[in-house]
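The block underneath contains the structure these notes are about, expressed in structure tokens.
Coordinate-derived values only; no laboratory data. Fair warning: this is a prediction, and the values are worked out from it, not measured in the lab. As a convention, Cβ positions derive from the backbone with ideal geometry for all residues, glycine included, and neighbour counts pool all protein chains shown.
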Amino acid sequence: MDLIDSPLGVKNKGGTMRLGAYPCEVKTGTRTYAAYRSRKISERHRHRYEVNNRYRDQLEAGGMVFSGINPELDLVEIIELPDHPRFVAGQFHPELKSRLVRAHPLFRDFVKAAVNFKKAHE
């Protein structure tokens, strides 16, 4: 992780947060794509750290899948670990778009996977 547009050692972090909605391009054939059923999504952010792009090649070589990328800023939005039964992580806050009668796609699919896992192990 790295601060957004900041050299290391910065003490005054004002203005370094990524806030609001940002576009994301989803990689087909991923759990993320299965959840959203779309190549183009938008999610809301409120954070100051990003995946450091200098390590993307190493992380990918180790098995991490970058299933969502911001096309404008070339920033990692969503990652997955294909060898894990349900590891999907996002840089955004899915709870900001989730509703009682319309759960966020990642929450919906996580709960579905948990129910299926429980049924398979009863």
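Values computed for the structure shown
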| item | result |
| --- | --- |
| Those residues of segment 57-89 which are of a type outside the set (A, V, I, L, M) and farther than 30 Å from Phe117 by Cβ, in sequence order | Asp57, Gln58, Asn70, Pro71, Glu72, Asp74 |
| Total residues in segment 92-117, condition over 23 Å from Ile69 (Cβ atoms) and of a type in the set (D, E, K, R) | 3 |
| Cross-chain or 6+ apart pairs with Cβ under 8 Å, segment 63-90 first and without any contact (Cβ under 8 Å) to a residue 60 or more places away in the chain, then of a type in the set (Lys, Arg) and crowded, with 20+ Cβ neighbours inside 10 Å | Ser67/Arg31; Glu80/Arg31; Arg86/Arg31; Val88/Arg31 |
| Top-ranked residue of segment 30-74 - restricted to ones that are more than 14 Å from His104 (Cα to Cα) and of a type in the set (S, T, N, Q), ranked as farthest from the chain's Cα centre (by Cα) | Gln58 |
| The lone exception for His84 - which of (1) crowded, with 16+ Cβ neighbours inside 10 Å; (2) in a loop (DSSP other than H, G, I, E, B) it fails | (1) |
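Condition check ((1) among the aromatic types (Phe, Trp, Tyr); (2) within 17 Å of Tyr22 (Cα to Cα); (3) assigned to a helix (DSSP H, G or I)) across all residues:
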| residue | (1), (2), (3) |
| --- | --- |
| Asp57 | no, no, yes |
| Ile69 | no, yes, no |
| Leu73 | no, yes, no |
| Ile78 | no, yes, no |
| Val88 | no, no, no |
| Phe110 | yes, no, yes |
| Lys118 | no, no, yes |
